[in-house]
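Structure, as C-alpha cells:
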Amino acid sequence: MSVVELRGVGKRYESGAETIDALKDVDFTADRGEMVTITGPSGSGKSTMLNLIGLLDEPTEGTVSLQGRNVTDFGEDERTEERRSALGFVFQDFHLLPMLTAVENVELPSMWDTSVDRHDRAVDLLRRVGLGDRLTHTPDELSGGQKQRVAIARSLINEPEVLLADEPTGNLDQDTGGTILDEITRLKAEEDLAVVAITHDEQLVEYADRVVRLVDGVTRT
Amino acid sequence: MSVASLLWRFPSVLMAWRNLGRNRLRTALAALGIVIGVVAICSLGMATVAIEQQATAQLGDLTNEVTVSSGPDSETEGVTEEQVAEMRAIVTDARVIPQKTNRTTLEARNGREARVSVTGVTDANALYDLTTGPAPERLQSGALISNGTAERLALEPGDPVEYEGRIYRIRGFIESEHAFGFGGDLVVPVSGLADQRHYDTVTIIAADGDAAGRIGDRLDTRFNTEEDEELRVSTFGNRAQVGGFLDTLSLALLGIGGISLVVASVAILNVMLMSTVERRGEIGVLRAVGIRRGEVLRMILTEATLLGALGGLVGALVSLATGMVLFHVITGDATAALGWASSRYLVYGFGFAVAASVLSGAYPAWKAANESPVEALRG
Ligand SMILES: Nc1ncnc2c1ncn2[C@@H]1O[C@H](COP(=O)(O)OP(=O)(O)OP(=O)(O)O)[C@@H](O)[C@H]1O
Ligand SMILES: [Mg+2]
C-alpha cells in the first residue's frame, strides 16, 4: 500500500472569465523509504500537485489517499490534524520564525501539544543535521544551508510518514544544496520516509529513486 | 524553572510575547494609546471623586439645617409664636431658633454709613461663630457685627451701635455670610425687633443631613397639606442637587475617558491587523505544519490581551500618581486617592483596557486563523 496516492486528480482554477487546468487526470503514488522527484517547467503544476498531496488544498476532481485512507473530502480541521500527525513540509525559502531560536523553531509544530515534550527530539534532530552547536541561535544568525537544515529538522519533529519539499535547494548554492540532499536522503532511510520533492535542478534528480515529469498539468514518466 | 520554560507550558503566551517583542516601537506605541485611554478614564474618575469629597466636606455645615418661613397660604406675615411652640414640641432632638430680620443703615461717629441686614435672635451662639472667642450663649443686650462692616465703620468691641432708637454694645465680630458684598450683618437680641410680631425664619439645627431631612418631612406633614402650604420648609435639599450634578459630571468625564479608550482600541485593532497582514506567510506556515485554527486564534488574541494588559498596567500606575496629585490639589490629602471610592477607577480602567484590547484583537485573530494556508503561503 502506497502511503501517498493520487487517482485521476484534476485541479482547475477559475478566476473571472479565465479557467486554468493546473493539473489534469494525474495518477501518482509514493511509498515509504523512497524519494520521488517532480520536475517540469515553470507553471506546469508542480506546486499545485504538492499542495494537494500535503492537504493544503483540495482537488476539483479525483481522489487523494494517505496511508490507504481517502482524505479527499476532509474538512479544514481534519486536514490540519492529518498535517499535524503524518506530514512534514520543507519550503524553498525556509520559512523559519525569526523570533524563535533554532530549537524552538524545530519544536514549533508540536508546541501546542502539551501532552508530549518534543524538546529532546528537537535537540536530537538538530544534532543529526549537524547543528548541535547552533541550538539557541536565531534564524538571522544562521546561513541559508543551516536554516534549511533547521527547517528539515522541524519537518520531522512529528515523526511524519511523508516529507514534502518544494524546491528545497532552490535558494542554496550547488555545494550546500548537495549537503541538504545528502541530509534528506539519510533521514529518509533513518525515519523510513516517503519523500516527495520538487526541483528544477538536475542535481536533485540524481538523488531520486523515481522522477515524475509534469508538463502542462499532465504527468510524463 | 526559568521563565521561558514556564512559558512553554503556555505556547500562546510564549508566541504572543515573542511577537510583541519583534517590533518594540510598534508595540510601545499601541500600548501608549491604551495608557492614554486608561489615564483619561482613571484620572477623570478620580477627579470627580475628589471634587465630590471636597464638596460634601464643605457643604457638611449647611446640610444639617432646616429653614422654615411663612408659606404662601399663610394668613400671617411670618411664623407665629404658636407655630414655633408647636415646632419645639415636635422637634425635641434639635435646636429650634426663631429669628426676625430687617435691614437698616448704620451710621458711625466718623460719618460713614453701611447697609446691613439685622437679625434678631436669642440663641446667637447656635448660628454664629465669632472670629474671636465664643459667641454669647444668650444674646440679651449686646450685638454682633460682621467683620467688614465693623472695619468700615471703625468699630471696636464695646462700641455702641444704634438700631431703632436702642443702643447695643458690640460683643463680637462674625464672618459675613454674604461673601459677595451684599452688605454686612448686625445681630441683636430678638427683643430689639419687638415691633415685628412674627418671626421671619426659624432655623432648626439637626445632627446631620439625614436627621434634617426627617425633621423637614415631619414639619411639612404637620403644618402643610397638598393645597395649603402654611409654612415653607426647606432642608438643604441642595445636597441631593449637588449630588445629582456631580453624578452628571462624573458620567460626562467617564464618557470622555471612554471615548479615548475607544480611540485606543481602534489603534490596537489597526496594529493587530497590520501585524497579522505582515505575518500572513508566517501564519500560513503555522497552519501548514499542523497548528490548528483555534491555536492561531488564541495566539493572536493573547497578543492583543498582553498589549492591553501592558498598557492597562502602566496606565493604572500613571493614573495612581495623577490621582494622588489631583487629590492633593483638590482636597489636600493625597492618600485619599488610595481609598476604594477613587482607586476602583484604576481597576475599571485596567479592566476596560484588557476588554477593549481583546475585542479589537478578535477580528484580526479570526481573519488570520481562517485564511487558507495555500493562499497565505503564496504571500
Ligand atoms: N490560486 C491560483 N489561482 C489561479 N491560478 C493558479 C493559482 N495557483 C496556481 N495557478 C496556476 O496554476 C498553474 C500551475 O501553478 P504551479 O504553482 O503549480 O506551477 P509550478 O510548476 O509550481 O511552477 P514553478 O516551477 O514556477 O513554481 C500556473 O499556470 C499558475 O498560474
Ligand atoms: Mg512552484
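The values are calculated or read from the model by the stated rules, or taken from the named source; none is laboratory data. Please read these numbers as outputs of a predicted model, since none were measured by experiment. No Cβ is skipped: glycine too gets one built from the backbone with ideal geometry, and neighbour counts run over all protein chains shown. These accessible areas exclude ligands, DNA and RNA; they are computed on the full protein's heavy atoms, side chains included. Shrake-Rupley method; radii C 1.70, N 1.55, O 1.52, S 1.80 Å.
With A:Asp166, A:Asp192 as the choices, which residue is within 14 Å of chain B (Cβ to nearest Cβ) and under 16 Å from the mean Cα position of the chain (by Cα)? Step through it out loud before you land on a result.
Values: A:Asp192 fails: within 14 Å of chain B (Cβ to nearest Cβ).
Criteria check complete, one pass: A:Asp166.
Which one of these does B:Ala50 not meet: (1) open to solvent by less than 60 Å² (accessible area, probe 1.4 Å); (2) within 17 Å of B:Ala212 (Cα to Cα)?
(2)
Of all residues in the range B:179-197, count the ones that are out of contact with any Asp or Glu (no Cβ under 7 Å at 6 or more places or on another chain), open to solvent by less than 20 Å² (accessible area, probe 1.4 Å) and part of a helix (DSSP H, G or I). It would help to see each step written out before you state the result.
From the range B:179-197, those out of contact with any Asp or Glu (no Cβ under 7 Å at 6 or more places or on another chain) are B:179-184, B:186-191, B:193-197; that's our starting set.
Checking which are open to solvent by less than 20 Å² (accessible area, probe 1.4 Å) leaves us with B:184, B:186-189, B:193.
Narrowing the set further to residues that are part of a helix (DSSP H, G or I) leaves B:193.
Residues that pass the stated criteria total 1.
So B:Val118 passes all but one of these: (1) of a type in the set (A, V, I, L, M, F, W, C); (2) assigned to a strand (DSSP E or B); (3) open to solvent by 50 Å² or more (accessible area, probe 1.4 Å). Which condition number does it fail?
Status for B:Val118: all satisfied but (3).
Take the range A:66-90 and flag every residue that is among the hydrophobic types (A, V, I, L, M, F, W, C) and open to solvent by 20 Å² or more (accessible area, probe 1.4 Å).
In the first step, residues of the range A:66-90 are kept if they are among the hydrophobic types (A, V, I, L, M, F, W, C); the result is A:66, A:71, A:74, A:86-87, A:89-90.
Across the range A:66-90, the qualifying residue is only A:Phe74.
Taking the conditions exactly as written (in contact with a Gly (Cβ under 7 Å, 6 or more places away or on another chain) and either more than 14 Å from chain B (Cβ to nearest Cβ) or not basic (Lys, Arg) (or both)), does A:Ser155 satisfy them or not? Break it down into steps so the answer makes sense when it comes.
Numbers: in contact with a Gly (Cβ under 7 Å, 6 or more places away or on another chain): yes; either more than 14 Å from chain B (Cβ to nearest Cβ) or not basic (Lys, Arg) (or both): yes.
So A:Ser155 fits the description; yes.
If I filter the range A:1-28 down to residues being more than 16 Å from ligand 1 (Cβ to nearest atom) and not charged (D, E, K, R), which single residue comes out as surrounded by the fewest Cβ atoms within 10 Å (Cβ to Cβ)? Break it down stepwise before answering.
First pass over the range A:1-28, keeping only residues more than 16 Å from ligand 1 (Cβ to nearest atom): A:1-5, A:7-8, A:27.
Narrowing further to those that are not charged (D, E, K, R): A:1-4, A:8.
On the way: A:Met1: 9, A:Ser2: 16, A:Val3: 21, A:Val4: 24, A:Gly8: 12.
In this case the residue turns out to be A:Met1.
Do you know which of the residues in the range A:195-215 that are assigned to a loop (DSSP other than H, G, I, E, B) and away from ligand 2 (no atom under 14 Å from the Cβ) is farthest from the chain's Cα centre (by Cα)?
Step one: filter the range A:195-215 for residues assigned to a loop (DSSP other than H, G, I, E, B), giving A:199-201, A:208-209.
From what is left, the residues that are away from ligand 2 (no atom under 14 Å from the Cβ) are A:208-209.
Details: A:Ala208: 14, A:Asp209: 16 Å.
Per the stated criteria, the residue is A:Asp209.
Just one of B:Thr105, B:Thr119 is assigned by TED's automatic domain parsing to the domain that holds B:Gly165, without any contact (Cβ under 8 Å) to a residue 12 or more places away in the chain and over 25 Å from B:Thr225 (Cβ atoms); which is it?
Numbers: B:Thr119 fails: without any contact (Cβ under 8 Å) to a residue 12 or more places away in the chain.
Matching residue, one of B:Thr105, B:Thr119: B:Thr105.
All but one of (1) within 10 Å of another protein chain (Cβ to nearest Cβ); (2) within 16 Å of ligand 1 (Cβ to nearest atom) hold for A:Glu82; state the number of the condition that does not hold.
It is condition (2) that A:Glu82 fails.
Out of (1) assigned to a helix (DSSP H, G or I); (2) under 20 Å from B:Thr119 (Cα atoms), the odd one out for B:Ile97 is which?
(1)
Hey, among A:Leu135, A:Leu125, which residue is open to solvent by less than 50 Å² (accessible area, probe 1.4 Å) and touching a Ser or Thr at 6+ places or on another chain (Cβ under 8 Å)? Let's see the steps before the verdict.
On the way: A:Leu125 fails: touching a Ser or Thr at 6+ places or on another chain (Cβ under 8 Å).
That would be A:Leu135, the only listed residue that is open to solvent by less than 50 Å² (accessible area, probe 1.4 Å) and touching a Ser or Thr at 6+ places or on another chain (Cβ under 8 Å).
Given the options B:Asp200, B:Asp228, name the one that is more than 14 Å from every other protein chain (Cβ to nearest Cβ) and loosely packed, with under 13 Cβ neighbours inside 10 Å. Even if it seems obvious, please write down each step before you answer.
Values: B:Asp200 fails: loosely packed, with under 13 Cβ neighbours inside 10 Å.
Within the list B:Asp200, B:Asp228, the selection yields B:Asp228.
Output the residues belonging to the range B:17-38 that are in contact with a Leu (Cβ under 8 Å, 6 or more places away or on another chain) and free of Cβ contacts under 8 Å to residues at least 12 places away in the same chain.
Taking the range B:17-38 first, the residues in contact with a Leu (Cβ under 8 Å, 6 or more places away or on another chain) are B:17-18, B:20, B:27, B:30-31, B:34, B:37-38.
Residue satisfying the conditions is B:Arg18 alone.
In the range A:17-31, which residues are modelled with pLDDT under 95 and not in a strand (DSSP E or B)?
A:Ala17
Please find, within the range B:343-379, the residue that is surrounded by the fewest Cβ atoms within 10 Å (Cβ to Cβ) out of those that are modelled with pLDDT under 90 and farther than 18 Å from B:Leu313 by Cβ.
B:Gly379
Looking at this structure, is B:Glu282 of a type outside the set (Lys, Arg), open to solvent by 30 Å² or more (accessible area, probe 1.4 Å) and outside the structural domain of B:Pro364 (by TED's automatic domain parsing)?
Working: of a type outside the set (Lys, Arg): yes; open to solvent by 30 Å² or more (accessible area, probe 1.4 Å): yes; outside the structural domain of B:Pro364 (by TED's automatic domain parsing): no.
Taking the combined requirement at face value, the residue does not satisfy it.
Of the residues A:Ser44, A:Ser110, only one is surrounded by 18 or more Cβ atoms within 10 Å (Cβ to Cβ) and more than 10 Å from chain B (Cβ to nearest Cβ); which? It would help to see each step written out before you state the result.
On the way: A:Ser110 fails: more than 10 Å from chain B (Cβ to nearest Cβ).
Of A:Ser44, A:Ser110, the one residue that is surrounded by 18 or more Cβ atoms within 10 Å (Cβ to Cβ) and more than 10 Å from chain B (Cβ to nearest Cβ) is A:Ser44.
Of all the residues that make up the range A:142-191, how many are within 16 Å of ligand 2 (Cβ to nearest atom) and crowded, with 23+ Cβ neighbours inside 10 Å?
Result for the range A:142-191: 4.
Just to check your reading of the model, which residue among A:Asp57, A:Asp31 is within 14 Å of ligand 2 (Cβ to nearest atom), open to solvent by less than 70 Å² (accessible area, probe 1.4 Å) and acidic (Asp, Glu)?
Working: A:Asp31 fails: within 14 Å of ligand 2 (Cβ to nearest atom).
Answer to the check: A:Asp57.
Do we find that A:Thr39 is more than 16 Å from ligand 2 (Cβ to nearest atom), open to solvent by 10 Å² or more (accessible area, probe 1.4 Å) and among the polar types (S, T, N, Q) in this structure? Can you show your working first?
Values: more than 16 Å from ligand 2 (Cβ to nearest atom): no; open to solvent by 10 Å² or more (accessible area, probe 1.4 Å): yes; among the polar types (S, T, N, Q): yes.
So A:Thr39 fails the test.
Do you know which of the residues in the range B:299-338 that are of a type in the set (Gly, Ala, Ser) and under 22 Å from the mean Cα position of the chain (by Cα) is surrounded by the most Cβ atoms within 10 Å (Cβ to Cβ)? Break it down into steps so the answer makes sense when it comes.
To start, the set of residues in the range B:299-338 that are of a type in the set (Gly, Ala, Ser) comprises B:304, B:308-309, B:311-312, B:315-316, B:319, B:321, B:323, B:332, B:334, B:336-337.
From what's left, under 22 Å from the mean Cα position of the chain (by Cα): B:316, B:319, B:321, B:323, B:332, B:334, B:336-337.
Details: B:Ala316: 24, B:Ser319: 29, B:Ala321: 13, B:Gly323: 27, B:Gly332: 11, B:Ala334: 15, B:Ala336: 22, B:Ala337: 26.
That would be B:Ser319.
Check every one of the helices (runs of 4 or more DSSP H) wholly within the range B:264-379 and list those with 1 or more residues that are within 22 Å of A:Met99 (Cβ to Cβ), more than 14 Å from chain A (Cβ to nearest Cβ) and hydrophobic (A, V, I, L, M, F, W, C).
Details: elements: B:280-288, B:293-330, B:340-369, B:373-378.
Those helices (runs of 4 or more DSSP H) span B:293-330, B:340-369.
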